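The next block holds one structure in the form of structure tokens; read it before the comments.
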Amino acid sequence: MADGMRPVRVLDGSRAGVRAAIVALERGNAASAKGGRKVKRVKDTSHQDTPATVPSGATPAGEPPVQPPPWLTLESSGVWTPRMLATLERGIQGGKGYSLMDKVWNPTTLTLAAWAVIRNDGAPGLDHRTTEQLQNELAAKVTLLGRRLREDTYPPQPVKRVWIEKPGSAEKRPLGIPVVRDRVVQAAVRAVIEPIFEHDFADTSYGFRPGRQAQQAMARVEQLLGEGYVWVVDADLKSYFDTSPQAPLLALIEAKISDGRMLRLIEAFLKQGVMDTAKGWQPTERGTPQGAVLSPLLANIYLNPLDHLMAQHGLEMIRYADDFILLCRTEAEAQAALELVRAWVSAAGLTLHPSKTRLVDASQTGGATSWAGTLNADGNGRGRKVWLG
């Protein structure tokens, strides 16, 4: 999340409650895969850039200008030149991206990534290095990072784990704070690889994607409710970012990327471990740390097959990171959709939260729904009971 709005639980099963169920989480830069919640000065780090090897607007001779797709961000536009975009649209030879790491360690890429981290500020990680120090030593740090990445000797440091309050609950939520230099490298990696995956992401996914907003998801829900899709499957993946399997995630990444160095670096970030103030150092054999720059993108990669499966069955699904709902016309359709979701979730090594996953008749009042919303989601803010989700 970026500026202000945070995901909440809404105790309201009415039609308005379901409408309120989707609203503006922040545009997912990178801080927490669940939405970049702030801890003191913790903010997310977003997509970053690399240098354009082809002048802006240049195209192969005789070809019409390539219009940039909506998912092409300013940060990634330096990497994805018009010629490369045309190749991506036609289909990458072999269906995979090759020779990607040279774009990550390029000085311009790392410099732009570093400035994004500086702008986002955020608390220091385990090494106590601040974004102010990064700014003061920018040229030297970019040179050092580039050399270590080129030499394939870059070592990610463990993530600092802090626990934040969950209003309305006695539980606390873990948040990871990577060291500043890891945030820079992850931001550069994300800028390079995100368009490869964005090209195949489903339209039903709205969270932490360039050019997409929670308001768009809400508008789609409004439309479906108006068309009579009033039975809602309100799904909640239990501890997704702590429990998601890494091996199948890496397999999905490897299906699109053949650069061995890139794959090793992503795996190193997944397995970098966490340092918990209460439990000490812990390995990360499962999950992607909330707070990591790459985590939102990795979540979208892993859950993208679910998006397409629901579409293949003609189901209306709307997903924001690891939270999603399906809207159906009848209770029977909703029940069948829920069973389909259960089967996929189980096969994917995930778990639906037993008490937070339910069917809701949005045409009735008095039910309970639990999707992302804000206190003022319905435009009036009249005493709706909310709590962080």
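The values are calculated or read from the model by the stated rules, or taken from the named source; none is laboratory data. What you see is a predicted model, and the numbers here were worked out from it, not measured in a lab. Note that we place each Cβ from the backbone using ideal geometry, even for glycine, and neighbour counts take in every protein chain shown. Ligands, DNA and RNA are stripped out before the accessible areas are found, and what is left, the full protein with its side chains, is counted by its heavy atoms. Shrake-Rupley method; radii C 1.70, N 1.55, O 1.52, S 1.80 Å.
A few remarks follow.
- Summing Lys and Arg as +1 and Asp and Glu as -1 over all other residues whose Cβ lies under 9 Å from the Cβ of L352 gives a net charge of +2.
- Estimated FRET transfer efficiency when R0 is 41 angstrom, pair E227-E285 (beta carbons, to 0.05): 0.40
- Using R0 = 30 Å, the C-beta based FRET efficiency linking A247 and N136 works out to 0.15.
- Low-density loop cleavage sites - GluC sites (Glu not before Pro) in region 219-273, where at most 11 other Cβ are within 10 Å (DSSP): E227
- Region 202-356, accessible surface, carbon-and-sulfur percent (1.4 angstrom probe): 52 percent
- Convex hull per residue volume in Å³, alpha carbons only, for region 131-184: 84 Å³
- Positive contributions from Lys and Arg (+1) and negative ones from Asp and Glu (-1), summed over other residues with Cβ under 14 Å from the Cβ of P283, come out at 0.
- Taking label points 7 Å from Cα along the Cα-to-Cβ direction, E151 and T330 give a separation of 6.7 nm.
- R342 versus D203: modelled label distance in nm, points set 7 Å from Cα along the beta carbon direction: 3.1 nm
- Here the simple spin-label model places points 7 Å from the Cα toward Cβ, and for A170 and S99 these points are separated by 6.0 nm.
- Protein heavy-atom accessible surface, 1.4 Å probe, per residue over region 164-259: 32 Å².
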